[in-house]
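Encoded as structure tokens, the structure appears first; notes follow it.
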């Protein structure tokens, strides 16, 4: 992957040079600012990755869905809301804790360990919640029963 | 490392194409991505063993600062709480009503029960209301300093009211 990445950089840089032909053609009018602007764009602007931006949107969508699940749990308690809560709660929590790790954990090894641990935790949480929904009273009923104390 | 070598090769290519009329001063290094620059920043920090500049110990605490870290704190706490509940669900032998009966048999006073419910409802309420505040910010609204403080106070008021209300149910 290192080699292919290097070749990609090399070919893109070549094409970037071709794209900057207008600048090359008139070196007298050339100025540093323009060249800086031309060159200081990320190498893969031809095919920008939308992953981060899509992730951000997904986080907000999940947050809104979770907001809706609270009144739904009150008005329509049952397996549909139970399993939806299991999924959305785990996902929202997972993504949140992921950001916390990104903010506070530094160093290649620590990050890998922390993120690995988080994935295991989230997987276990989702499994446990689904198991609770399946074999036990379910999340909505459990909260109702707890609150009736 | 190979990328660094190719960067040098690329630079030389660039110089050749742009011709001798441009001085060396105008040459700039090949672009790095934000991710690469972040990584280099942290590597340099660790290598030089730089101390972290004082932040929480030095800056005057403001309401937005406190509310922000509380939002994170309540989020983390609830997440871990749910994970604990999940683990318990997988590990404990009896069904949920059994353990509820166990708690009921302790005959805890109503004040204690209300306090416990309040303690459970508070982080949920706070995180929910402040979460809505975050979503409003994500829509691009409410960034003026006065609005930030106003929405913050509103969130706190709503939190206290809803926590008290939920605990009473």
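Say whether the condition of being under 30 Å from residue A:86 (Cβ atoms), exposed (fewer than 13 other Cβ atoms within 10 Å of the Cβ) and modelled with pLDDT of 80 or more is met by at least one residue in segment B:34-51. Within segment B:34-51, not a single residue is under 30 Å from residue A:86 (Cβ atoms), exposed (fewer than 13 other Cβ atoms within 10 Å of the Cβ) and modelled with pLDDT of 80 or more. Highlighted here are the helices (runs of 4 or more DSSP H) found entirely within segment A:59-149 that include at least 1 residues which are more than 11 Å from chain B (Cβ to nearest Cβ) and either free of Cβ contacts under 8 Å to residues at least 60 places away in the same chain or surrounded by fewer than 17 Cβ atoms within 10 Å (Cβ to Cβ) (or both): A:79-104, A:108-135.
The values are calculated or read from the model by the stated rules, or taken from the named source; none is laboratory data. Since the structure is predicted, the reported quantities are computational estimates derived from the model, not experimental observations. Positions of Cβ are generated from backbone atoms using ideal geometry, with glycine treated the same way; all protein chains shown enter the neighbour counts.
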